[in-house]
Amino acid sequence: MNIKGMSLGPIGTNCYIIYEGKEALLIDPGAEVEKISAFLYQNNFHLQAILLTHAHFDHIGALEEIREHTGAEVFIHENEVSWLSDPMKNGSGRMQDSEITASPAEFTLNPGKMQLGPFNFTVLHTPGHSPGSVSFVFEEEQFIVSGDVLFYQGIGRTDLYGGNRNELEMSIRNQLYPLDDTYTVYPGHGPETTIGMEKQRNPFVRI
């Protein structure tokens with residue numbers, strides 16, 4: 001299994017394409033639809049699904065165009081189903097000039113094991129940055145896509161709609177830090193890190 005990261009849009013939101021053979025998952029198509037599409041089409045990938053770690057505008061900016069081009073179905077946590085169509089909740093109505101909206105997701109994400117095509121992973125509900133934030137854990141490959149929950153020596157902001165600092169800290173301590181120290185963390189912004197490094201060096205949530 002392979003993972004391709006792309007830093008997209010004006011604030012460098014990380015989009016990830018996870019692929020095995022010609023099958024792929026797309027996580028957080030935040031902007032620059034042409035870059036995402038080029039990678040998918042150049043490799044002749046079949047997109048199994050579009051997964052959203054949460055519904056802030058910088059993570060869904062290219063969602064509608066990508067789903068139209070590929071026909072892939074969208075998964076999001078139930079707490080943020082309404083955010084795709086609400087610019088005030090997803091932040092685009094507050095933080096930028098143009099509003100971003102998308103059609104409703106086809107499916108909601110539930111905590112627990114999940115299989116899509118050849119991909120097996122676990123969905124963790126990790127609220128705090130937003131009420132429906134989730135993290136995707138790929139146990140066999142020992143990596144996690146953490147969205148805007150845990151960063152390299154940082155954590156997600158909690159001053160946006162629905163944010164809660166205590167919830168965020170609990171999500172990190174109770175859901176992410178129990179993972180093995182060797183797990184690679186692919187965050188929503190910035191460089192990758194590991195669980196072990198963040199437990200020792202993250203100034204916001206340390207063990």
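Projecting label points 7 angstrom from Cα along Cα→Cβ for T101 and A38 puts them 3.1 nm apart. Structure remark: mean-square fluctuation, Gaussian network model of the chain, C-alpha springs under 10 Å; the largest value among H129, H69, H56 belongs to H69.
For a label point 7 Å from the Cα of E20 along Cα→C-beta, name the residues of the stretch 142-173 whose backbone N is under 20 Å from it. Residues passing the 20 Å test: 142-146. Projecting the Cα atoms of T184, A38, N90 onto the dipole axis of the chain, where Lys and Arg carry +1 and Asp and Glu carry -1 at the beta carbon, places T184 farthest toward the positive end. One compactness figure for the stretch 137-207 is 1.02, namely its Cα radius of gyration divided by 2.2 N^0.38 Å.
Here the Gaussian network model covers the chain, with springs between Cα atoms less than 10 Å apart; of T13, T126, T194, T194 fluctuates the most. When both bridge partners sit in the chain, DSSP labels roughly 65% of those beta bridges antiparallel.
Counting every pair of alpha carbons in the chain, the share spaced more than 31 Å apart comes to 11 percent. Separation of the stretch 1-45 and the stretch 158-184, taken as the distance between their Cα centroids, equals 25 angstrom.
Using a Debye calculation, one point per C-alpha and no hydration shell, please list log10 I(q)/I(0) for the stretch 57-178 at q = 0.11 Å⁻¹ in order. Each listed q corresponds, in turn, to -0.39.
Please compare each pair in K35/K89; K35/K199; K22/K199 to a cut-off of 29 Å on the Cα-Cα distance and tell me which ones are over it.
K35/K199; K22/K199
If I take R0 = 22 Å and measure r between the Cβ atoms of R165 and N2 in this structure, what FRET efficiency does the formula 1/(1 + (r/R0)^6) give, to the nearest 0.05? Efficiency, rounded to the nearest 0.05: 0.05.
Readers should treat all values here as calculations from the given coordinates under stated rules, not as data from a laboratory. Values in this document were obtained by computation on a predicted structure and should not be read as measured data. For neighbour counting, all protein chains shown are included, and Cβ atoms are generated from backbone atoms with ideal geometry for every residue, glycine included.
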